[in-house]
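Engineer: Below: one structure in structure tokens.
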Amino acid sequence: MSAPPDEDQPGEELPKASPEPAVSAAALRLAEALLFASDRPVAPARLQSLLAEGEDAAAVLRELGYALEGRGVVLVETGGGFVLRTAPDLAAALTRVVEVPRRLPRAAMEALAVIAWHQPCTRAEIEEIRGASLAQATLEALLDHGLVAPRGHKEVPGRPTLWGTTPRFLEQFGLKSLRDLPRREELVSGEAVAPLQATQPGDSPAG
């Protein structure tokens, strides 16, 4: 029988976990400035291209999220990237002093819900699913807000345009991806939608 190991001798060293990449104050400031200046969600790859060698975008964003806890804005992941949003507990107070943007009319919300759930789909398919015609003004309202965009053409006679939602749609509804879509009824009723902001000049609705 072999003798028990000497208790005074150290046992085998366990492998050490890889340390978190270092995050500099300069990287945090750069990430915050980029998020503040951007009119759409900032993808980690976009931030990575601006960071110094050795900095990791995922670690910078995670550290920035921690740094913003308890402040007036929070870091939110949505639409394939990250945005700065008003802290939820301050929203009620701000509605008393900030003008509330207008919402889309119900017809536009119904069309948007159909597109979100059945994309890519043609105008005729949207009308068939809704059971009502789709006015050009309604489609233009969705385009003006950057919520839908052309997604090619259907290979049938006439090659009608196919429509789909955009990254701005995900951002507006606070969704990370289309897998997180609420029910069509919630989209139409407005239970899941935030007030809509018009797109700014130069904004591209395409993702």
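Engineer: Tell me, yes or no, whether the stretch 32-40 has at least one residue that is touching a Lys or Arg at 6+ places or on another chain (Cβ under 8 Å), at pLDDT below 90, assigned to a loop (DSSP other than H, G, I, E, B) and buried (at least 16 other Cβ atoms within 10 Å of the Cβ).
Structural biologist: So far as the stretch 32-40 goes, yes, one or more of its residues are touching a Lys or Arg at 6+ places or on another chain (Cβ under 8 Å), at pLDDT below 90, assigned to a loop (DSSP other than H, G, I, E, B) and buried (at least 16 other Cβ atoms within 10 Å of the Cβ).
Engineer: Quick one: is ILE129 in a helix (DSSP H, G or I), touching a strand residue (DSSP E or B) at 6+ places or on another chain (Cβ under 8 Å) and at pLDDT below 90?
Structural biologist: When the stated conditions are applied, ILE129 passes them.
Condition check ((1) over 21 Å from the mean Cα position of the chain (by Cα); (2) part of a loop (DSSP other than H, G, I, E, B)) across all residues:
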{"position": "ALA107", "(1), (2)": "yes, no"}
{"position": "ILE115", "(1), (2)": "no, no"}
{"position": "ALA124", "(1), (2)": "yes, no"}
{"position": "LEU134", "(1), (2)": "yes, yes"}
{"position": "LEU142", "(1), (2)": "no, no"}
{"position": "ALA149", "(1), (2)": "no, no"}
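Engineer: Next up: Take PRO120 and tell me if it is in contact (Cβ under 8 Å) with a residue 12 or more places away in the chain and surrounded by fewer than 15 Cβ atoms within 10 Å (Cβ to Cβ). Walk me through how you get there before you give the answer.
Structural biologist: Values: in contact (Cβ under 8 Å) with a residue 12 or more places away in the chain: yes; surrounded by fewer than 15 Cβ atoms within 10 Å (Cβ to Cβ): no.
So PRO120 fails the test.
The values are calculated or read from the model by the stated rules, or taken from the named source; none is laboratory data. Just so we're clear, the structure is a prediction, and the values are computed from it rather than from any experiment. Quick reminder, even Gly has a Cβ in these numbers, built from the backbone with ideal geometry, and neighbours come from all protein chains shown.
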